[in-house]
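Following: one structure in structure tokens, then a few remarks.
The values are calculated or read from the model by the stated rules, or taken from the named source; none is laboratory data. Owing to the predicted nature of the structure, the values given are computational and were not obtained by experimental measurement. Glycine gets a Cβ as well: all are built from the backbone with ideal geometry, and neighbour counts include every protein chain shown.
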Amino acid sequence: MNSNFFRRAFLKRLAISTSAAVFAGLLGTSSWASQFPARPVTLIVPFGAGGATDSIVRHLADQASRKLGQPVVVENRPGAAGILGVNRLVTAAPDGYTLSIVPESVYRFPHLQTTLYDPAKDFTYIIHLSGYALGIAVNAKSPFKSWNEVVKEAKKRPGQISYGTTGINGTMHVTVEEMAQASGIKLNHVPYKGEAEIIAALMGGHIDLGVTAGSIAPMVEEGRARVLVTWTSKRVPKWPDVPTLKEVGLDVVSNSPFGIAGPKGIDPASVKILHDAFHFALNTKEIQDLLENLNQESAYLNSEDYEAFAKERYKHTKIQLENLGLIGAK
């Protein structure tokens, strides 16, 4: 073979490799997206460690990590009734690597004060997960055996019976104020950073009433605490003798739904990958058993339906606050 043959073969290979490089450059962005996630994903829990939310999310993160092929790192940011996580999303890059649990308080705060975010515009909603089986509990040594007994005593001592929640203007706080208003009483609100702190204060005798989710269950089973009333639409299977708010004469249901969101503008392909991983995790036996143990139900919504739900919830909370007189109707 002469030198011309080798020259032609070399030039052909060079042309092919050059074309491939140009093509790869043109597809650079989509190629990067297809590799997501290439590093750990941070999932913010806007409550303290040890509560129902923290417990669920840590197990959920572990299962989702297996699907994603990257760790999902849980970061606790307690305080401000649960909005510190979404505050972080406002300044985070829209690359899918920073996510937060979105509690119901996120929809309420913009109606009460200036916030860094607009829940209808500033987030990419990934997946809706569940809602809490909230209720009011007391220490087993408490004289209160029912909500009606609390009401009777509160009318004798206005503002002297204390109750703990996860923060001012959070769902726990607003719901109790709604209950108090409907019952014609005034209670003393004591805010904490998370459910674990509420339970510790309740068991230590520092507050009279504690608003909790499923994390109070072990104390109830041990006979150290009791639940007076639940905020669910029907009685909780684990506590069949505990009435709902409707059964004690209050037309209120409050389950404080929550899900996962990220910053506005995450690539749709990355959103789908995240959604599918957390949906997989939500449906594992481990998570379903945990939800059952905490008296919670799966309340799955896909990304599109979750966004619609969030916008509707944002409008609903405004009406609720107007009815409570916390803001003026427009």
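If I ask for residues that are in a loop (DSSP other than H, G, I, E, B) and within 17 Å of the chain's Cα centre (by Cα), which ones from segment 104-117 would you list?
Just the residues of segment 104-117 that are in a loop (DSSP other than H, G, I, E, B), to begin with: 104, 113-117.
GLU104, TYR117, listed by residue number.
Looking at THR124, is it assigned to a strand (DSSP E or B), touching a helix residue (DSSP H, G or I) at 6+ places or on another chain (Cβ under 8 Å) and either closer than 12 Å to ALA261 by Cβ or β-branched (Val, Ile, Thr) (or both)? Steps first, please.
Working: assigned to a strand (DSSP E or B): yes; touching a helix residue (DSSP H, G or I) at 6+ places or on another chain (Cβ under 8 Å): yes; either closer than 12 Å to ALA261 by Cβ or β-branched (Val, Ile, Thr) (or both): yes.
Considered against the rule, which asks whether it is assigned to a strand (DSSP E or B), touching a helix residue (DSSP H, G or I) at 6+ places or on another chain (Cβ under 8 Å) and either closer than 12 Å to ALA261 by Cβ or β-branched (Val, Ile, Thr) (or both), THR124 comes out as yes.
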Being farther than 20 Å from VAL211 by Cβ and outside the structural domain of LYS67 (by TED's automatic domain parsing) narrows PRO237, PRO243, PRO268, PRO263 down to just PRO237
Checked against (1) over 26 Å from GLU197 (Cβ atoms); (2) of a type outside the set (Val, Ile, Thr); (3) surrounded by fewer than 20 Cβ atoms within 10 Å (Cβ to Cβ), TYR117 satisfies every condition except (1)
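For segment 16-103, give me every one of the helices (runs of 4 or more DSSP H) that falls completely inside it and has 2 or more residues that are at pLDDT 95 or above and surrounded by 17 or more Cβ atoms within 10 Å (Cβ to Cβ). Steps first, please.
Details: elements: 28-34, 52-68, 84-91.
Ranges flagged: 52-68, 84-91.
To keep it simple, each residue is scored yes or no on (1) modelled with pLDDT of 95 or more; (2) loosely packed, with under 14 Cβ neighbours inside 10 Å; (3) not aromatic (Phe, Trp, Tyr).
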| site | (1), (2), (3) |
| --- | --- |
| PRO240 | no, yes, yes |
| PRO268 | yes, yes, yes |
| HIS275 | yes, no, yes |
| ASN283 | yes, yes, yes |
| ASN295 | no, no, yes |
Query raised in the report: Among the residues of segment 199-214, is any at pLDDT below 95 and either touching an Asp or Glu at 6+ places or on another chain (Cβ under 7 Å) or more than 27 Å from ASP62 (Cα to Cα) (or both)?
Result: yes
The correct count of residues that are surrounded by 16 or more Cβ atoms within 10 Å (Cβ to Cβ) and either outside any helix (DSSP H, G or I) or free of Cβ contacts under 8 Å to residues at least 60 places away in the same chain (or both) in segment 297-310 is 3
Restricted to segment 135-150 and to residues being out of contact with any helix residue (DSSP H, G or I) (no Cβ under 8 Å at 6 or more places or on another chain) and part of a helix (DSSP H, G or I), the residue surrounded by the fewest Cβ atoms within 10 Å (Cβ to Cβ) is GLU149
Listed by first then second residue, the pairs whose first member lies in segment 168-181 and is without any contact (Cβ under 8 Å) to a residue 40 or more places away in the chain, whose partner is of a type in the set (A, V, I, L, M, F, W, C) and outside any helix (DSSP H, G or I), with beta carbons under 8 Å and at least 6 positions apart or on separate chains, are ALA180/LEU187
For this session: Kindly indicate whether GLY328 is outside the structural domain of ALA200 (by TED's automatic domain parsing) and touching a Pro at 6+ places or on another chain (Cβ under 8 Å).
Result: no
The residue that is surrounded by the most Cβ atoms within 10 Å (Cβ to Cβ), considering only those in segment 311-330 that are of a type in the set (Val, Ile, Thr) and farther than 14 Å from THR175 by Cβ, is ILE327
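Just need a number here: residues in segment 120-134 that are surrounded by 16 or more Cβ atoms within 10 Å (Cβ to Cβ), farther than 30 Å from LEU187 by Cα and out of contact with any Gly (no Cβ under 9 Å at 6 or more places or on another chain). Quick ask: steps written out before the conclusion?
Here is the first cut: in segment 120-134, the ones surrounded by 16 or more Cβ atoms within 10 Å (Cβ to Cβ) are 122-134.
In the following step, the residues that additionally are farther than 30 Å from LEU187 by Cα were identified as 122-129.
Narrowing further to those that are out of contact with any Gly (no Cβ under 9 Å at 6 or more places or on another chain): 122.
So the count comes out to 1.
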Q | Some residue of segment 237-246 being among the hydroxyl-bearing types (Ser, Thr, Tyr) and more than 30 Å from LYS121 (Cα to Cα) | A | yes
